[in-house]
Amino acid sequence: MKRFLIILCVLFSGMHSFAQELNCIVSVSAPQIEGTDKRVFETMQNAVYEFMNNRKWSNYNIRVEERIECTILITINNRLGSDEFQGNINLVLRRPVLNSAYNTVLLNYIDKGFQFRYAEFQPLDYSDGTFSSNLTSVLAFYTYMYLGLYFDSFSQNGGQAFLVKAQEVVTAAQNANEPGWKAFDGTRNRYWMVENFLNPSNSALRDFYYKFHRLGLDQMYEKVDAGRDNCTQSLDGIKTLFNTKPDLFAIQLLTDAKRDEFVNVYSDSRVPPSEKATVVNIFKEIDPANGSKYQAILESK
C-alpha cells in the first residue's frame, strides 16, 4: 500500500517541479542501411533520448523513482537524403501494478508510417500548438498518448488533458507532408488513434483502462476474485463496443498490448471454468486472428 500511496501522491499533486515525467528507453538502429556513417544514428538516439527524458511535459510532481516507464525503438529502413529518413517506430508503455513487482503493458504499437528529417547535432525543438518538424511532433504526440493512457489507468478519464494535447499535435500537423496525421491517410494512424480515445461514443475504451487496471489488477493482491471480476466487467464493455464498431483501431491497440496478459490472468487455477469460457468467447470475438492463443486459458488447470 505504501508504494501505491507514493504513486498517488506523485501523480495527482498539483505542485510544480523540475522532475521530468518519463523514464524512456530509446534505441535507434539501421540494420538495412549500408555504406553510410552510422554515427548519425548514435547522435539521433542521444537527441531523442534527451528530448523525451529531459523535457517537462506536465506540471505534475513526479519523483525520479516513479517516472513513467516507456520505450521508443526507431528502426531506419531507408535513408532518402542526407537528412531524411524513413522507417518504423515501436512504442511501448508500462505501469506498475499495486503491491507487486509486475509492470502491465498499456500500449505496444508499431507506427510504420514514420518519415522525418534529422540534421546531426541540430537541437530538437518543439512548442505546443505548432509544427516545426515531423520528428518532434511524432515524439510529442506519443508522449501525450503515453501520459493520457497512463493517467486514465489510475483514475476515470484522468488522462483527458493529455489526450487533448495529443489531438492538438495532430491538428497542428494537418499541413505536414509526411503521412500519418490526416483522416484520409487510412484508418490506423495517429489521427484515428487519439480520435478513438476522445470520441464519447467509445467511452468503453477509457472505462477499460481504468477498470481493468485500477479496479482490477491493482486490487488482486488483496481481493483476487473481486479484482478479476472488475477486469471481466471491463471486457464486457469492450465486447459491446466491438459489436457496434468491429473495425475500431483502438480495440486492436488494446488487444495487441494486453493479449499475453489476458491469457496469464485467466489461466490462473482459481478462475472458475465458467468464467474462463466467458472471457475466451469475448477474446475470440474481439481478437479473432489470435483465437488459438486464448484456447490456452481453457486448457489451463
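Name the single residue that is farthest from Asp207 (Cα to Cα) among those in the stretch 237-261 being among the basic types (Lys, Arg) and in a helix (DSSP H, G or I). Here the residue is Arg259.
Of Asp229, Asp218, all but one fail to be surrounded by 18 or more Cβ atoms within 10 Å (Cβ to Cβ), touching a helix residue (DSSP H, G or I) at 6+ places or on another chain (Cβ under 9 Å) and not hydroxyl-bearing (Ser, Thr, Tyr); the exception is Asp218. Only one of these is of a type in the set (A, V, I, L, M) and surrounded by fewer than 18 Cβ atoms within 10 Å (Cβ to Cβ): Leu248, Leu298. Name it. None of the others qualify; the one that does is Leu298. For the stretch 65-102, a residue qualifies if it is part of a strand (DSSP E or B), hydroxyl-bearing (Ser, Thr, Tyr) and without any contact (Cβ under 8 Å) to a residue 24 or more places away in the chain, but none of them does.
Scanning the stretch 180-198 for residues being modelled with pLDDT of 95 or more, of a type outside the set (Phe, Trp, Tyr) and over 17 Å from the mean Cα position of the chain (by Cα) gives a total of 2. Could you please let me know if Thr232 is modelled with pLDDT of 95 or more, of a type in the set (Val, Ile, Thr) and closer than 19 Å to Gln156 by Cα? Yes; evaluated as a whole, the condition is true for this residue. Looking across the stretch 103-140, the residues that are aromatic (Phe, Trp, Tyr) and farther than 30 Å from Asn264 by Cβ come down to Phe114, Phe116, Tyr118, Phe121, Tyr126, Phe131.
The condition of being farther than 14 Å from Leu124 by Cβ, assigned by TED's automatic domain parsing to the domain that holds Ala166, modelled with pLDDT under 95 and touching a strand residue (DSSP E or B) at 6+ places or on another chain (Cβ under 7 Å) holds for only one of Leu80, Leu73, that being Leu80. Within the stretch 262-289, being in contact with an Asp or Glu (Cβ under 9 Å, 6 or more places away or on another chain), not β-branched (Val, Ile, Thr) and not in a loop (DSSP other than H, G, I, E, B) holds for Phe262, Tyr266, Glu275. Kindly establish whether Phe131 is of a type outside the set (Ser, Thr, Tyr) and within 15 Å of the chain's Cα centre (by Cα). Here the answer is no, as Phe131 does not meet what is asked. Criterion applied to Val138, Val105 was being buried (at least 21 other Cβ atoms within 10 Å of the Cβ), in contact (Cβ under 8 Å) with a residue 40 or more places away in the chain and either assigned to a loop (DSSP other than H, G, I, E, B) or under 22 Å from the mean Cα position of the chain (by Cα) (or both), and the one residue passing it is Val138.
The values are calculated or read from the model by the stated rules, or taken from the named source; none is laboratory data. Remember, it's a predicted structure, so these values are computed and weren't measured experimentally. Here the Cβ is made from the backbone with ideal geometry for all residues, glycine too, and neighbour counts use every protein chain on show.
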